[in-house]
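Trainee: One structure, as structure tokens, below. Some questions next.
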Amino acid sequence: MRMVWRPSVVCCLALAAVAAGAGACSSSKPSNGGRYGTASPRLADSHQPIPKGGGSYKVGAAYQIDGRWYLPQEDPSYDRTGLASYYAEDFHGRRTSNGEIFDMWALSAAHPTLPMPSLAYVTNLENGRTLLVRINDRGPYVKNRVIDLSRATARYLGVEGPGLARVRVRYAGPAPLSGDDRQEQRFLASRPWFQIKLARAPNDSR
């Protein structure tokens, strides 16, 4: 399901970085592309719909970025706090680390170690908003950052404006390989703050 709003200008790039045999993909800073890997070809532009799913289930081996080791694993008890950033235009329409195509208007995110695809609850600790998102990419690799959000996720959580926010990330289980996002969309629709937004501005396209 596409988001209920989207700005008129969209463009994009995604990293398909490989480190120590693991797909170490996205970074919140597109300029790091050469540092963490090479850019994958753009498979869809801003005017084309992004297909859902199409990737594979992936955990991956341990890998190292900038001298720091990351150990992807199944961790049902995963519950961490840290900084969230977001990535958008430079990555839109390119492959994620598990072979899906990044859609910055989907409720998705990149995480250094959680399985792909999987679901996670992300709570903005500064405003209390929580979303259920699809983890289908790797990153970020900046100190103290625990997750890189898609633009849509960042916008709903109130992260897009400041660019960074302190968040809590909790593993919520595997996600369907088909890319079916009805669970995420239902969770979004159930949020009181989302209902208030609709009530105040039913025709708001933002």
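Trainee: Is there a residue in the range 10-27 that is crowded, with 18+ Cβ neighbours inside 10 Å, of a type outside the set (A, V, I, L, M, F, W, C), at pLDDT below 90 and in a loop (DSSP other than H, G, I, E, B)? Explain how you work it out, then say what you get.
Mentor: Within the range 10-27, the first condition is being crowded, with 18+ Cβ neighbours inside 10 Å, and the residues that meet it are 12-17, 19, 22-27.
Applying the additional criterion that residues be of a type outside the set (A, V, I, L, M, F, W, C) yields 23, 26-27.
From the residues that got through so far, the ones that are at pLDDT below 90 too are 23, 26-27.
Narrowing the set further to residues that are in a loop (DSSP other than H, G, I, E, B) leaves 26-27.
Looking through the range 10-27, at least one residue is crowded, with 18+ Cβ neighbours inside 10 Å, of a type outside the set (A, V, I, L, M, F, W, C), at pLDDT below 90 and in a loop (DSSP other than H, G, I, E, B).
Trainee: While we're looking at this one, here's another question. Filter the range 63-112 down to residues that are part of a strand (DSSP E or B) and of a type in the set (Lys, Arg) and give me whichever is nearest to Asn136 (Cα to Cα). Can you show your working first?
Mentor: Step one: filter the range 63-112 for residues part of a strand (DSSP E or B), giving 63-65, 68-70, 79-87, 95, 101, 108-110.
Of the ones still in play, those that are also of a type in the set (Lys, Arg) are 68, 80, 95.
Working: Arg68: 21, Arg80: 18, Arg95: 10 Å.
This residue is Arg95.
Trainee: Could you list, in sequence order, the residues of the range 113-126 that are assigned to a strand (DSSP E or B) and under 13 Å from Gly53 (Cα atoms)?
Mentor: Applying the first criterion (assigned to a strand (DSSP E or B)) to the range 113-126 yields 116, 118-124.
The answer is Met116, Ser118.
Trainee: While we're here: If we scan the range 96-108, do we find a residue that is free of Cβ contacts under 8 Å to residues at least 60 places away in the same chain, within 11 Å of the chain's Cα centre (by Cα) and crowded, with 22+ Cβ neighbours inside 10 Å?
Mentor: Yes, the range 96-108 contains a residue that is free of Cβ contacts under 8 Å to residues at least 60 places away in the same chain, within 11 Å of the chain's Cα centre (by Cα) and crowded, with 22+ Cβ neighbours inside 10 Å.
Trainee: To continue, here is another question. In the range 169-184, is there at least one residue being more than 14 Å from Ser118 (Cα to Cα), among the polar types (S, T, N, Q) and at pLDDT 95 or above?
Mentor: Checking the range 169-184: not a single residue is more than 14 Å from Ser118 (Cα to Cα), among the polar types (S, T, N, Q) and at pLDDT 95 or above.
Trainee: If I ask for residues that are over 22 Å from Pro76 (Cβ atoms) and outside any loop (DSSP other than H, G, I, E, B), which ones from the range 154-172 would you list? Explain how you work it out, then say what you get.
Mentor: Of all residues in the range 154-172, those over 22 Å from Pro76 (Cβ atoms) come to 154-166.
Of everything in the range 154-172, those that are over 22 Å from Pro76 (Cβ atoms) and outside any loop (DSSP other than H, G, I, E, B) turn out to be Ala154, Arg155, Tyr156, Leu157, Ala165, Arg166.
Trainee: Using the structure shown, decide if Ala165 is under 9 Å from the mean Cα position of the chain (by Cα) and closer than 17 Å to Arg80 by Cα. Lay out the reasoning, then the answer.
Mentor: Values: under 9 Å from the mean Cα position of the chain (by Cα): no; closer than 17 Å to Arg80 by Cα: yes.
The answer is no for Ala165.
The values are calculated or read from the model by the stated rules, or taken from the named source; none is laboratory data. Just so it is clear, the structure is predicted and the values come from calculations on it, not from any experiment. Note that each Cβ is placed from the backbone with ideal geometry, even for glycine, and that neighbours are counted across all protein chains shown.
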